[in-house]
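Input: a single structure, listed below in structure tokens.
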Amino acid sequence: MNAIFTRRSIRKFTDEPVTGQELEQLLRAGMAAACAKNSQNRLFFVERGPNSLPELLQVHPHAFALKTAQAAIVVAADRKKAAEVDPHIDWWVQDCSASIQNILVEAADLGLGALWIGIWSDPQRVQAVQRDLALPEHIAPLGVVALGHPEKEKEPNDRYEAEKVFFGKYEARG
Ligand SMILES: Cc1cc2nc3c(=O)[nH]c(=O)nc-3n(C[C@H](O)[C@H](O)[C@H](O)COP(=O)(O)O)c2cc1C
């Protein structure tokens with residue numbers, strides 16, 4: 001719970017690098033996430049240093065965290081394989097999302113700051129990341145995690161709202 005609550009979106013980072021060991025731990029966390037049909041159809045592209053993914057920075061209005069981030073992990077899936085896993089349901093979107101959340105929580109546990117930068121399913125953002133990483137069309141980036149040491153700490157969050165919880169069937173409220 002401590003890591004879950006201390007995880008906040010960090011958009012500005014110090015110059016302190018993210019170590020190779022930390023990156024491996026984050027990748028382990030990403031790969032440990034739940035995955036529909038256990039397909040493990042997820043790919044992780046690691047970028048080191050600030051100002052990575054320059055094409056994305058040009059088209060994404062809320063990706064400026066990459067300017068100071070010391071590393072970035074792009075979580076993606078092979079859509080050809082995804083269609084073989086299930087031709088009806090795009091499980092890969094949820095699979096990659098689960099990985100990203102695991103990476104964010106592990107980053108918080110390591111004392112790092114992180115930000116989920118949404119890519120899928122905006123065609124401009126998807127194509128920009130594909131250009132940045134020389135990805136073929138069938139490798140689809142779901143999102144990017146920007147990483148580094150936070151310039152400023154944020155308050156932990158606990159957003160429990162009892163009125164959003166239903167024990168049993170839906171009932172109209174207030
Ligand atoms: C699917 C998804 C996409 C997001 N994309 C962006 C983004 O592109 N840029 C950004 O600055 N924040 C992005 N965020 C972070 C949210 O703005 C943030 O989680 C929210 O404001 C709550 O703040 P917190 O993470 O500090 O609890 C994204 C979050 C999610 C879950």
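A few points about this structure:
- Some residue of the stretch 92-110 being assigned to a loop (DSSP other than H, G, I, E, B), touching a His at 6+ places or on another chain (Cβ under 9 Å) and under 28 Å from Phe13 (Cα atoms): no
- Between Gln94, Gln127, Gln101, Gln58, the distinction of being within 25 Å of His149 (Cβ to Cβ) and modelled with pLDDT of 95 or more belongs to Gln101 only.
- For the stretch 1-34, residues that are away from the ligand (no atom under 15 Å from the Cβ), hydrophobic (A, V, I, L, M, F, W, C) and within 15 Å of the chain's Cα centre (by Cα) total 7.
- Scan the stretch 88-136 for residues that are within 12 Å of the ligand (Cβ to nearest atom) and among the acidic types (Asp, Glu) and the total you get is 1.
- Where a residue in the stretch 86-97 is more than 8 Å from Ala36 (Cα to Cα) and its partner, wherever it lies, is among the aromatic types (Phe, Trp, Tyr) and within 16 Å of the ligand (Cβ to nearest atom), with Cβ under 7 Å and at least six apart: Val93/Trp120
- Condition met for Glu16 (of a type in the set (Asp, Glu) and part of a helix (DSSP H, G or I)): no
- Filtered residue count, the stretch 4-18, keeping only those that are β-branched (Val, Ile, Thr), touching a helix residue (DSSP H, G or I) at 6+ places or on another chain (Cβ under 9 Å) and surrounded by fewer than 20 Cβ atoms within 10 Å (Cβ to Cβ): 2
The values are calculated or read from the model by the stated rules, or taken from the named source; none is laboratory data. Being a predicted model, the structure only gives us computed values, none of them experimental. A quick note on method: Cβ atoms are made from the backbone with ideal geometry, for glycine too, and the neighbour counts reach across all protein chains shown.
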